[in-house]
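*Asks:* My questions will all concern the structure given below.
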Amino acid sequence: MKSPVVLFVYNRPWHTRQTLEALANNYLADQSELYIYADGPKENSSEIEIESIKKVRKIIREKQWCKLVHIIESESNHGLAASIIRGVSEVNNKHKKVIVLEDDILTSPWFLSYMNEALDVYQHVSNVFSVSGYMFPIQTSKRGIVLLPFTSIWGWGTWKERWEAFDWNLNQKEYIENNAFLKARFNLADYNYTEMLKNANSWAIRWYYSVFVRNGLTVFPTISLVKNIGFDGSGIHCPSNEIFLSQGIEMNKIEVEKVDRIDLEFYAKILDFFTEEKKRSLKKDIKKIFYYILRK
């Protein structure tokens, strides 16, 4: 058995099917154990929403998506954060490591191969807290893996002892919010992750914080092995974004070689991307404001 995969689904039938079909096409799917956590309906859910949940639960039973499939269904709605924390913790406690997917993550056929190899290679490197299958849409000729000082949760994995560092309470967040140097580092080119930390309404920002305060690193491929198909406006946490929606997936094998330091040149490219993305977002906000004023 390879590293187990845990998938979180809710009420998006089309996205769920795409995610599962891609996963089943992975080269190691027939050697992998899959845990599917299906969240339940919210209070006062509409008939349409309940029907979508039923469709998702039908889809996850349609095929033997991996060698072994376990389905954990909730009668009520726990929300994404509680579901992920529960699922990742339960699977980690049983298998000591885990690969994590959500219902809108399309994977390359080589995704599981890369994730398993990276989880094995870096298992005993204490300052590496996670492995990501995603890479931002940047231009590079470099092939392989890099270490970077932040996290990504679009197709990722971790180990039980690293996941135990997860800090729900954010006990030192005020030092990041109030110190210019720490704030600049946390924000990744002033992308304002600190504002997300202040609101703390996401499990992902808590995970990033937990890794950040320990000077932790993440293993990344230089070319993305996953694509987030949720940027079509269908998800609660993913508004429409053409840049991510049009991003391609690497269809060839990524070799995992052990490196022991941050690739500063590659890190600089990431910071440039975040700077440009912030500018694009600001332009969109300005257009919306002017459109609103003109309509008034």
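The values are calculated or read from the model by the stated rules, or taken from the named source; none is laboratory data. Nothing here was measured: the structure is a model prediction, and the numbers come from that model. Don't worry about glycine lacking a Cβ; one is built from the backbone with ideal geometry, like all the others, and counts go over all protein chains shown.
*Asks:* So Ile145 ticks every box in (1) in contact (Cβ under 8 Å) with a residue 60 or more places away in the chain; (2) within 15 Å of Phe212 (Cβ to Cβ) but one. Which box is left unticked?
*Replies:* Ile145 satisfies every listed condition except (2).
*Asks:* List pairs: first residue in the stretch 1-30 and touching a residue at least 24 places away in the same chain (Cβ under 8 Å), second residue crowded, with 21+ Cβ neighbours inside 10 Å and of a type in the set (Ser, Thr, Tyr) anywhere in the structure, Cβ distance under 6 angstrom, at least six positions apart or on different chains.
*Replies:* Lys2/Ser32; Val5/Ser32; Val6/Tyr35; Phe8/Tyr37; Phe8/Ser83; Val9/Thr16; Ala22/Thr107; Leu23/Thr107
*Asks:* OK, next. If you scan the stretch 151-166, which residues turn out to be surrounded by fewer than 16 Cβ atoms within 10 Å (Cβ to Cβ) and among the charged types (D, E, K, R)?
*Replies:* Step one: list which residues in the stretch 151-166 are surrounded by fewer than 16 Cβ atoms within 10 Å (Cβ to Cβ), which gives 161, 164-165.
Within the stretch 151-166, Glu161, Glu164 qualify.
*Asks:* Right, something else. Which ones in the stretch 206-227 are small (Gly, Ala, Ser) and buried (at least 22 other Cβ atoms within 10 Å of the Cβ)? Quick ask: steps written out before the conclusion?
*Replies:* Applying the first criterion (small (Gly, Ala, Ser)) to the stretch 206-227 yields 210, 216, 224.
Matches in the stretch 206-227: Ser224 only.
*Asks:* Collect the residues in the stretch 13-22 that are crowded, with 22+ Cβ neighbours inside 10 Å and either in contact with a helix residue (DSSP H, G or I) (Cβ under 6 Å, 6 or more places away or on another chain) or within 20 Å of Ile48 (Cα to Cα) (or both), keeping them in residue-number order.
*Replies:* Residues satisfying the conditions are His15, Thr16.
*Asks:* Can you tell me how many residues within the stretch 135-171 are in a loop (DSSP other than H, G, I, E, B) and among the charged types (D, E, K, R)?
*Replies:* So in the stretch 135-171, the residues in a loop (DSSP other than H, G, I, E, B) come out as 135-144, 149-155, 164-171.
Then drop every residue that is not among the charged types (D, E, K, R), which leaves 142-143, 164, 167.
So the answer is 4.
*Asks:* Shifting gears a bit: Exactly one of these conditions fails for Gln64: (1) more than 18 Å from Pro109 (Cα to Cα); (2) in a loop (DSSP other than H, G, I, E, B). Give me its number.
*Replies:* Of everything listed in (1) more than 18 Å from Pro109 (Cα to Cα); (2) in a loop (DSSP other than H, G, I, E, B), Gln64 misses just condition (1).
*Asks:* Next up: Need pairs with beta-carbon distance below 8 Å; first residue touching a residue at least 60 places away in the same chain (Cβ under 8 Å) and under 14 Å from Asp272 (Cα atoms) and within the stretch 182-197, second of a type in the set (Gly, Ala, Ser) and assigned to a helix (DSSP H, G or I); sequence gap 6+ or separate chains.
*Replies:* Asp190/Ala184
*Asks:* Right, something else. For the stretch 127-148, what are the residues that are in contact with a Gly (Cβ under 9 Å, 6 or more places away or on another chain) and modelled with pLDDT of 95 or more?
*Replies:* Taking the stretch 127-148 first, the residues in contact with a Gly (Cβ under 9 Å, 6 or more places away or on another chain) are 127-134, 137.
Asn127, Val128, Phe129, Ser130, Val131, Ser132, Gly133, Tyr134 - these are the residues of the stretch 127-148 that are in contact with a Gly (Cβ under 9 Å, 6 or more places away or on another chain) and modelled with pLDDT of 95 or more.
*Asks:* Give the residue, chosen from Glu174, Glu255, that is at pLDDT 90 or above, among the charged types (D, E, K, R) and not in a helix (DSSP H, G or I). Let's see the steps before the verdict.
*Replies:* Details: Glu174 fails: not in a helix (DSSP H, G or I).
None of the other options fit; the residue is Glu255.
*Asks:* Does Ala184 satisfy the condition of being surrounded by fewer than 18 Cβ atoms within 10 Å (Cβ to Cβ) and either assigned to a loop (DSSP other than H, G, I, E, B) or touching a strand residue (DSSP E or B) at 6+ places or on another chain (Cβ under 8 Å) (or both)?
*Replies:* Taking the combined requirement at face value, the residue does not satisfy it.
*Asks:* Please find, among Asp103, Asp120, the residue that is on the phi < 0 side of the Ramachandran plot and free of Cβ contacts under 8 Å to residues at least 12 places away in the same chain.
*Replies:* Details: Asp103 fails: free of Cβ contacts under 8 Å to residues at least 12 places away in the same chain.
That would be Asp120, the only listed residue that is on the phi < 0 side of the Ramachandran plot and free of Cβ contacts under 8 Å to residues at least 12 places away in the same chain.
Conditions (1) part of a loop (DSSP other than H, G, I, E, B); (2) closer than 28 Å to Ala200 by Cα, marked per residue:
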| residue | (1), (2) |
| --- | --- |
| Lys2 | yes, no |
| Arg17 | no, no |
| Val69 | no, no |
| Ile85 | no, yes |
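*Asks:* Conditions first: (1) hydroxyl-bearing (Ser, Thr, Tyr); (2) buried (at least 20 other Cβ atoms within 10 Å of the Cβ); (3) part of a helix (DSSP H, G or I). Ser113 passes all but one, so which condition is the exception?
*Replies:* Result: Ser113 passes all but (2).
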